[in-house]
Amino acid sequence: MQWKGRRASSNVEDRRGMGGKGLIGGGIGGLVLFLVIAFLGGDPGQILNSLPADNTATYEETDQDRELSQFVSVVLADTEDVWSDVFRKEGLVYKEPTLVLYSGSVQSACGTAGSSVGPFYCPGDQKLYIDLSFYEELNRKFKAPGDFAMAYVIAHEVGHHVQTLLGTTEKIMPLRQRMSEKEFNKYLVRFELQADYYAGVWAHHAQGMGVLEEGDLEEALTAASAVGDDTIQKRAQGYVVPESFTHGTSEQRKSWFYKGFQAGDIKSGDTFNTRSP
């Protein structure tokens, strides 16, 4: 992806080295079960069930971290441009989210999370959270190298922000209180696949801006496949449990990202009324 020398977003909050300070009061602990949707699979409640200790270690930015922070700032700026234009064409106004960089652990309006949960979006404060060490994990653990793989990660979380602005999050997440975990997981899969679709919409417009390079699309598709529920479960436990899927299979994630990449609009991304996502 051609990103050096281009506009960086001003909506970046650097909290690296600060660490998390515990849960915010006011009953937010109950809300986190259906508000936080972590990028990697699994139960969002894990954020509460395994709260990290306060990170008091001094953070020193490496050259790689400095370049990564600049890169994600440019990607965020591109999502701002793309979604502002898409929303304007729909007669809507796009409210830009904030991207929070952190190291180790972080406090959000959805509670305290450690870097082990992966990048996530919190509807409560409309912020994206990412520990840049995830880039190395994406490369080493998930075998999904390349800058556009990381761009896909950012675009996916921005996709959750789009869902919040369009009212989808508010409609879907309260269903958790009325359904069994197995039944609600089906909605979570569709919810996550729609965020993948929106990531593809961004990539469509990024291509139109002339910033994609040869191999970028393949990097994003590889990343989408690498974080499919079936792939993650096979790697972790040697078998899959489909009823526990929360993000979709590798094939589903690739497919919906590519659909967004081809369509480039909001209307074709209704994963909830599709017979089989």
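The values are calculated or read from the model by the stated rules, or taken from the named source; none is laboratory data. What you see is a predicted model, and the numbers here were worked out from it, not measured in a lab. Positions of Cβ are generated from backbone atoms using ideal geometry, with glycine treated the same way; all protein chains shown enter the neighbour counts. Please note that ligands, DNA and RNA were not included when accessible areas were found on the heavy atoms of the full protein model with its side chains. Shrake-Rupley method; radii C 1.70, N 1.55, O 1.52, S 1.80 Å.
Taking the options GLU61, GLU67, name whichever one is open to solvent by 30 Å² or more (accessible area, probe 1.4 Å) and at pLDDT below 90.
GLU61
Restricting to the range 72-103, and then to whatever is part of a loop (DSSP other than H, G, I, E, B) and hydroxyl-bearing (Ser, Thr, Tyr), can you tell me which residue is surrounded by the most Cβ atoms within 10 Å (Cβ to Cβ)? Quick ask: steps written out before the conclusion?
Filtering the range 72-103 down to residues part of a loop (DSSP other than H, G, I, E, B) leaves 90-97, 102-103.
The next check asks that each one be hydroxyl-bearing (Ser, Thr, Tyr); those that pass are 94, 102-103.
Details: TYR94: 19, TYR102: 25, SER103: 21.
Ranking the candidates gives TYR102 first.
Check whether at least one residue in the range 164-186 is of a type in the set (A, V, I, L, M, F, W, C) and crowded, with 24+ Cβ neighbours inside 10 Å, and report yes or no.
No, that holds for no residue.
Restricting the search to the range 236-249, which residues are of a type outside the set (D, E, K, R) and farther than 15 Å from PHE191 by Cα?
ALA236, GLN237, GLY238, TYR239, VAL240, VAL241, PRO242
Determine whether the range 75-82 contains at least one residue that is at pLDDT below 95 and either over 22 Å from PHE191 (Cβ atoms) or among the hydrophobic types (A, V, I, L, M, F, W, C) (or both).
Within the range 75-82, none of the residues are at pLDDT below 95 and either over 22 Å from PHE191 (Cβ atoms) or among the hydrophobic types (A, V, I, L, M, F, W, C) (or both).
Check off (1) over 14 Å from ILE266 (Cβ atoms); (2) in contact (Cβ under 8 Å) with a residue 24 or more places away in the chain for ARG178 and give me the number that stays unchecked.
Here ARG178 clears every test but (2).
Please count how many residues of the range 253-277 are open to solvent by less than 80 Å² (accessible area, probe 1.4 Å) and among the polar types (S, T, N, Q).
4
Can you give me the number of residues within the range 224-268 that are among the charged types (D, E, K, R) and farther than 20 Å from GLN163 by Cβ? Step through it out loud before you land on a result.
Pass one, the range 224-268, residues among the charged types (D, E, K, R): 229-230, 234-235, 243, 251, 253-254, 259, 265, 267.
Going one step further and asking which of them are farther than 20 Å from GLN163 by Cβ, we end up with 230, 234-235, 243, 251.
Looking only at that region, the number is 5.
Check the range 236-257 and report whether any residue there is within 23 Å of TYR135 (Cβ to Cβ) and free of Cβ contacts under 8 Å to residues at least 12 places away in the same chain.
Yes - at least one qualifying residue is present in the range 236-257.
For the range 19-35, does any single residue satisfy the condition of being at pLDDT 55 or above and over 15 Å from the mean Cα position of the chain (by Cα)?
Checked against the condition, which is being at pLDDT 55 or above and over 15 Å from the mean Cα position of the chain (by Cα), the range 19-35 yields at least one hit.
Any idea how many residues of the range 220-252 are surrounded by 21 or more Cβ atoms within 10 Å (Cβ to Cβ) and at positive phi?
Number satisfying all stated conditions: 1.
Evaluate the range 144-151: report whether one residue or more is more than 23 Å from LEU68 (Cβ to Cβ) and not in a loop (DSSP other than H, G, I, E, B).
So the first thing to find is which residues in the range 144-151 are more than 23 Å from LEU68 (Cβ to Cβ), and the list is none.
Checking the range 144-151: not a single residue is more than 23 Å from LEU68 (Cβ to Cβ) and not in a loop (DSSP other than H, G, I, E, B).
Taking GLU192, is it surrounded by fewer than 21 Cβ atoms within 10 Å (Cβ to Cβ), of a type in the set (Asp, Glu) and closer than 18 Å to ALA149 by Cβ?
Judged against the criteria, GLU192 is not a match.
For the subset of the range 129-148 comprising residues that are on the phi < 0 side of the Ramachandran plot, touching a residue at least 40 places away in the same chain (Cβ under 8 Å) and more than 15 Å from the chain's Cα centre (by Cα), which member is surrounded by the fewest Cβ atoms within 10 Å (Cβ to Cβ)?
Selected residue: PRO145.
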